[in-house]
1. Which of the GluC sites (Glu not before Pro) across region 1-44 are loop residues per DSSP, with 16 or fewer other Cβ within 10 Å?
2. Starting from the Cα of residue 7, step 7 Å along the direction of its Cβ; do the same at residue 31; then give the gap between the two resulting points in nm.
3. Applying the Karplus parametrisation 6.51 cos²θ - 1.76 cosθ + 1.60 with θ = phi - 60° to the phi angles of region 10-22, what ³J(HN,Hα) value in whole Hz is obtained for each residue in order, glycine and proline being reported as x?
Amino acid sequence: MGSDFDEEEVITMVKVALLCINPAPALRPTMSEVVSMLEGRTPVCESVMNPSMYSDELRLASLR
């Protein structure tokens, strides 16, 4: 990217990406919400990660 980029756009893209990789599918945005956030029509909410999700998944995997 060099030095020719809009810092606010990069921050928005990173925040949207973090929302999209949430371990809880119900907390991930829909594609229309993603597009709206990237176009600046919808504010990007803060990423909501539930750390207990990871331990729950690992616990279930070990039981299998």
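Quick note: the coordinates plus some simple rules give every number you see, no bench work behind them. It should be emphasised that the depicted structure is a prediction, and the values quoted were computed from it without experimental measurement. A quick note on method: Cβ atoms are made from the backbone with ideal geometry, for glycine too, and the neighbour counts reach across all protein chains shown.
1. The qualifying sites are 39.
2. Here the modelled spin labels are 3.4 nm apart.
3. Coupling constants for region 10-22: 5, 4, 4, 4, 5, 4, 5, 4, 5, 5, 6, 9, 4 Hz.
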